[in-house]
Amino acid sequence: MALSHFYFQVSRVDNKHMDQSKYFDADVIVIGTSIASQSVIHQLRNTNAKILVLEGGDLQRTDFADSLTFSDERGHYVNHHWGGHWLRAYGGASRVWNGFSAPLEKWDMVGIDGRPKWPITIDELEKWYRFSAPLMGEDPSVANLVKYDTAKLFVDRPYIIMDSPLSYSDPKLLTNSKNIELRIKHNVIKFTADDSGSYINGIWYSVEGKVQFSGVKKNTRIVLGAGGLGNAQVLLQPADNRQVPVGNESGLVGKTLMGHPHVPTGEGFFDPSVVSKPTWAQVKYRKWLPAYIVGADYKTKLNLLNASISLTPAAIRELSPNEQAVQEFYQKKWGKKLELHTLYARTEQLPNPDNRIEIITEKNSAGLHKMKIYCVFGARDMMSIDTTARMLADHLLKNKLGVTTVDNDSIFLNTWGWAHPSGITRFGSSPKDSVCDSNCRVWSYQNLYINGSSLFPTVGYANPTWGIVSLGMRLGDHLKQELKKSA
Amino acid sequence: MNRRHLLKLGASSVLAAFISPLAFGQSNASSASTTSAAQSNASKMDGVVSYNAGWVIPLEDKAPLLEVEARKNKEKQESDKQKSVTPSAKAGDSVDKSKSLSGKFQELLGKIKSYF
């Protein structure tokens, strides 16, 4: 592109403080260094593409960077819950959180019961689950858990306990590559677009609070991976010269925020086979946690959300007379030994537009308008936990596999959130009901892509990290093909 | 209304009770179909109950389980009694000591409070 043409584009951006001579010279600008961004970069590392990586935080956590993730939290996820799951530091949240991960299933993705559809098939996602498993330190066979006998009432579908690999906190992974430039303490604030609204032509950002601007070439691809909340925060920042913020032409940015309601549902005495390693999926397990889900056909029939109940051995303690009685009675009745375990439910949250983020007038130290987050559980979120727990109790009892409690007060009064922010820049098949297309590109712009769990139209019941890495690798692969075409 | 009227009313109501099933009653066949419809609309009962402390059990297990629990409670009470005989004397000493300290403190606090 001729330089003069570039200057012409940049000069249209309405801000007198803009330095017209400054621009980011790169084929791909990756914003953020989380596991999502590093998955994209992983696919581009061995190409000739010039990659610029902008990280808002430092190489380690700082008070300044930690202050950026505070928000006004309304609803069931409180006490700095969202901020506590979101880091402005090299490596992002994956430095501190690992995950009880499980893959999504076809049922999660096909738009059952009014949920938005995923624009990709389960077969494609399964392929990327398989490719990305080694990045999570797992054997590719863990992707076999995607497909199961959907007609079964309950399926033993364990969580894969994925430890975040230490390499995600080591910047050498990026800095050792000649085609990658890493700039830390660069907090992206918002984008500017050309007059036709087809391309991103500039980025406002701040370095230690000092706001700056750089132009962006038309053929530079930008990948926004500022976090499940951070992505929407950037796309909601008001534009100087237009009513609609750049990136929120759909009006959907910030809406249908989802996390995962969690709650202990009770305890029970179980036959050891209930917690034994599942053999149906031929998986090479490393660390896993026994868990059960309702089969897809029954979920549809009973109008349930996707909930799972995991079992962990109960802490060693003296049993109450009530517990002793139940154990003794059923051991004698069924003629087998029963062990005490606790039951813990995790469920998907229905994508509800009332659960959302908004921005407020006050700005944070990096110059971004702060967020107000509304996220409450709905009746179906909690009823799905209760129904799944009761059905499992009934199922185990009828098959002489276990006897359990289902704690009403715990389920309906003590359910709490687990902040896996998802859904607020969702991808889809039509610009009418999604922010991004199936390749994660913001519908209005030729060169702006979104990366991370904010893309998820539905969230399943498990930690999203594996899905994030899968979609990140898929996006990296797409960009690789695009760059090949334009070369 | 005199006695004659009352007798007439009684006789006619008895007659009506005999006649009405013949005049308006349903055949055995239609009764059967009604029963079947009623069954399909009947409340679903699965025989599983939430018993003491939230345990989900079959209804028929409730009574014998309560018996086992009563026995376990009794055993627990007896074992608690036995435990409390010897060690409680020692524990009692320390409780008494702490009580005496805390008692003194409470007394002092009470005196101070009484000034206000």
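Other residues whose C-beta falls under 15 angstrom from the C-beta of residue A:107 contribute a net charge of 0, scoring Lys and Arg +1 and Asp and Glu -1. Note on residue A:139 and residue B:48: the model spin-label points, each 7 Å out from Cα along the C-beta direction, lie 3.4 nm apart. Hydrophobic long helices, here whole DSSP H runs in chain A with Kyte-Doolittle means of at least -0.5 and Cα atoms spread over 27 Å or more along the helix axis, are found at A:379-398, A:465-486. Annotation: extensible slack from residue A:316 through residue A:400 equals 27.9 nm (criterion: 0.36 nm per residue apart, minus Cα-Cα distance). Close amide H partners of residue A:377, meaning residues 5 or more places away or on another chain with modelled amide H under 5 Å apart, are A:76.
Between residue A:189 and A:204, A:205, A:206, the built amide H atoms are under 5 Å apart, and every one of these is 5 or more places off in sequence or on another chain.
Amide H contacts of residue A:201 (H built 1.01 Å from N, in plane; Pro and chain starts excluded): A:192, A:193, A:194 sit under 5 Å, all sequence-distant by 5 or more or on other chains. Annotation: for a label point projected 7 angstrom from Cα along Cα→Cβ of residue A:297, residues of region A:147-163 with backbone N closer than 14 Å are A:148-155.
Subtracting the Cα-Cα distance of residue A:418 and residue A:484 from their residue separation scaled by 0.36 nm leaves 19.7 nm. For the pair region A:284-347 and region A:103-162, the centres of their Cα atoms are 22 angstrom apart.
Packing-based ranking of A:326-336, A:427-437 yields A:427-437, A:326-336, ordered from highest to lowest mean Cβ neighbour count within 10 Å.
Loop-located trypsin sites (Lys or Arg not before Pro) across region A:257-328 with a Cβ neighbour count of 12 or fewer within 10 Å are A:284, A:317, with loop assigned by DSSP.
Along its three principal directions, the equivalent ellipsoid of chain A from the Cα gyration tensor extends over semi-axes of 44, 22, 20 Å, largest first. Using the Cβ-Cβ distance between residue A:61 and residue A:196 with R0 = 41 Å, the FRET efficiency computed as 1/(1 + (r/R0)^6) comes to roughly 0.50.
Taking other residues whose beta carbon is less than 15 angstrom from the beta carbon of residue A:236, and scoring Lys, Arg as +1 and Asp, Glu as -1, yields +3. Tally Lys/Arg at +1 and Asp/Glu at -1 over every other residue whose Cβ is under 13 Å from the Cβ of residue A:329; what's the total? With Lys, Arg at +1 and Asp, Glu at -1, the neighbours total +1. The alpha-carbon atoms of region A:376-481 define a convex hull whose volume equals 144 cubic angstrom per residue. By the Kirkwood approach, averaging reciprocal distances over each pair of separate Cα atoms, region A:77-235 gets a hydrodynamic radius of 19.3 Å. Peptide A:263-272 is shielded by partner chain Cβ atoms: per residue, an average of 1 of them sit within 10 Å of its Cβ.
Bear in mind these aren't lab numbers, they're just calculated from the coordinates by the rules spelled out. These figures come from a predicted structure and were not determined experimentally. Don't worry about glycine lacking a Cβ; one is built from the backbone with ideal geometry, like all the others, and counts go over all protein chains shown.
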